[in-house]
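J.: The structure follows.
The values are calculated or read from the model by the stated rules, or taken from the named source; none is laboratory data. Please read all numbers here as calculations on a predicted model, not as lab measurements. Cβ placement follows ideal geometry from the backbone for every residue including glycine, while neighbour counts extend to all protein chains displayed.
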Amino acid sequence: MRLLYLLFIINWISFAHATPILVDPQDRFSPTLAKQGMVVASESFAAQASLEVLKQGGNAVDAAVTLGFAMAVTAPRAGNLGGGGFMLVYDAETQKVVAIDYREKAPALAHKDMYLDQNGDVDAVRSKFTHLAAGVPGTVAGLALALEKYGTISLQQALQPAIQLATDGFPMPATLANAIQDATERFQRSAASRAIFMKPDGSFYQAGELFKQADLAKTLRLLAEQGTDAFYHGKIADQIVAEMQANQGIISKTDLANYQPQIRQPIQGNYRGYDVFSMSPPSSGGVHIVQMLNMLEQFDIKQTGHNSAQTIHIMTEAMKRAYADRSQYLGDTDFVSVPLQGLTHKDYAKQLTQQFDLQKATLSQNIREGQPAVYESPETTHYSIVDKHGNAVANTYTLNFSFGSGITVSGAGFLLNNEMDDFSAKPNVPNAYGLIGGTANAIEPHKRMLSSMSPTIVLKDNKPFLVTGSPGGSRIITAVLQVILNVIDHDMNIQEAVNAARIHHQWLPDKIFMENGLSPDTVDLLKQKGHRLEASRTMGATNSILIQHTDDNKRILNGAADPRRPEAIVASY
Ligand code: GLY
């Protein structure tokens, strides 16, 4: 064992010497290194269960599906059965990247004006905290589809750790205990939520106390015994519909029976020789990451430097234009036509960058969506997985807000999403993330609401180089962008790239949001250029893996758990 460790260290040091940029633990934040398989996620019990799957010979998809179900138990703020998400899979055999879309859908009875009150104003409570806020859940069908198409283990096997964690319980993590206390008001609307997240006497769980979820365990067992039919046709469907009918909700048995996840072509771009694959609509993430990379490729941001005023100015000008286009053009491509080719075309990016003034901020009020067609996609969680076979998975899934709508399906033990708020409830009225939209993202029956979730896999020479993604609502897209830039342009190792202070601009409001870490003189220089800046809480949680390929055809997996989530972990072997 010691010999193995020694060999590993020698190998690692000699490799590190050849490429000091990526691994230099002496004077940099250092990533976790491993050779076989790696899981980077925001919760450790689930991550360890997922790693076991890899160790037993399962592939990255087996591990991702196991992790998805386990986090529904151990990280219920975002891990879910009652929500949806997106998974990108790199299949080593075919060397292809596919996207699995298991985003929620609007129920059949949804309509464009469903969140407007009698004055025609958006009723924000209705779209966020009632049974009407829930889209038809996609997670169970999506994870099952991933397993069926790309996995090697059975659904039953993938559900075992989740069943065990729900049945036997686990010590309540400190962040979950705190988050439950913060969400108390949200749980007031749901006796079933209070019964799970609070003790029978109404007091809170303390960190470290055993937390069991009996109803959720029953639901998971039913899934293991009967498969997805239990959720979309059988007993769990009945429980969801009973919950809806008792509370003026509109999800019906037909909505559940009709739900289908989709396998989609991911958005593909190329940035300085790297092939970037990210999520296609109904996510806006991939489209705008590629669009912004195309704009940034016109500038030498390596030379202007990481988080210098000039680099932030250029990035911000790109972000504003991308988000202006998002509000106009992006929606579910099963319903609306989105000029994807134009938006991701390098010539369109060139046209947009010609509008940049390198000395002065363009006011957002003077920016409108461009004309891409002439050139012819907070609480969420992201995890990245790489297996010994060379497969990779980037998965981001969510209930939308922390604990979604706060409403639990009585008897079934899982929370409902409040994803309907990601639709544009009224043109030009911002949603919870301050995002505005128009008809492309208007509510329609069966339509998927626009997302920003951006699971991303970057390839170099056709092999996975970077696996990343993030939670954070509208800030997901810019968080993922900055991890890519930090690695490719700023020569950071993956832990530095993940840790580095982030900025965000989304066109409207016309402000640069900034994490702690920008120097006062940088801020002053940006103000002189006409930017408005606002300090922000941390943005995103980009649990990432970077893969180094050595000259002798070996791989070193570099994992970085985002320190913005204290319980995030790299589990590897
Ligand atoms: N619910 C956040 C998103 O999908 O973008």
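J.: Which of the numbered conditions does T408 fail, given that it passes all the others? Conditions: (1) surrounded by fewer than 19 Cβ atoms within 10 Å (Cβ to Cβ); (2) hydroxyl-bearing (S, T, Y); (3) away from the ligand (no atom under 15 Å from the Cβ).
T.: It is condition (1) that T408 fails.
J.: For segment 329-341, name all the residues that are buried (at least 20 other Cβ atoms within 10 Å of the Cβ) and in contact with a helix residue (DSSP H, G or I) (Cβ under 7 Å, 6 or more places away or on another chain).
T.: Listed by number, the residues that qualify are Y329, L330, G331, V338, P339, L340.
J.: Moving on to the next point. Tally up the residues in segment 507-535 that are crowded, with 17+ Cβ neighbours inside 10 Å and of a type in the set (S, T, Y), please.
T.: Of the residues in that region, 1 qualify.
Rundown of residues vs (1) within 15 Å of the ligand (Cβ to nearest atom); (2) part of a loop (DSSP other than H, G, I, E, B); (3) closer than 26 Å to V73 by Cα, yes/no style:
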| position | (1), (2), (3) |
| --- | --- |
| A412 | no, yes, yes |
| M420 | yes, no, yes |
| P427 | no, yes, no |
| G437 | yes, yes, no |
| I457 | no, no, no |
| T478 | yes, no, no |
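Residue-wise test of (1) at pLDDT below 95; (2) not polar (S, T, N, Q).
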site: P378; (1), (2): yes, yes
site: N395; (1), (2): no, no
site: G411; (1), (2): no, yes
site: N428; (1), (2): yes, no
site: G438; (1), (2): yes, yes
site: V458; (1), (2): no, yes
site: V467; (1), (2): no, yes
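J.: Among the numbered conditions (1) surrounded by fewer than 19 Cβ atoms within 10 Å (Cβ to Cβ); (2) part of a strand (DSSP E or B), tell me where G57 comes up short.
T.: All conditions are met except number (2).
J.: Sticking with this one: Which condition from (1) at pLDDT 95 or above; (2) buried (at least 24 other Cβ atoms within 10 Å of the Cβ); (3) more than 9 Å from the ligand (Cβ to nearest atom); (4) not hydrophobic (A, V, I, L, M, F, W, C) is the one that S452 breaks?
T.: Answer for S452: the failing condition is (3).
J.: Is it fair to say N395 is more than 9 Å from the ligand (Cβ to nearest atom), under 17 Å from S454 (Cα atoms) and not basic (K, R)?
T.: yes
J.: Consider only pairs whose beta carbons are under 7 Å apart and that are at least six residues apart or on different chains; among these, list those whose first residue lies in segment 463-487 and is under 14 Å from S42 (Cβ atoms) and whose second residue is within 15 Å of the ligand (Cβ to nearest atom) and among the acidic types (D, E).
T.: Short answer, once both residue conditions are applied: P471/E379.
J.: Condition first: more than 13 Å from the ligand (Cβ to nearest atom), crowded, with 23+ Cβ neighbours inside 10 Å and of a type in the set (V, I, T). Can you find one or more residues in segment 464-476 that meet it?
T.: Looking through segment 464-476, at least one residue is more than 13 Å from the ligand (Cβ to nearest atom), crowded, with 23+ Cβ neighbours inside 10 Å and of a type in the set (V, I, T).
J.: Does H306 meet the test of being within 25 Å of the chain's Cα centre (by Cα), in a loop (DSSP other than H, G, I, E, B) and closer than 30 Å to Q355 by Cβ? Show your work before the answer.
T.: Details: within 25 Å of the chain's Cα centre (by Cα): yes; in a loop (DSSP other than H, G, I, E, B): yes; closer than 30 Å to Q355 by Cβ: yes.
When the stated conditions are applied, H306 passes them.
J.: Can you go through L155, L147 and tell me which one is under 21 Å from the mean Cα position of the chain (by Cα) and modelled with pLDDT of 95 or more?
T.: Of L155, L147, the one residue that is under 21 Å from the mean Cα position of the chain (by Cα) and modelled with pLDDT of 95 or more is L147.
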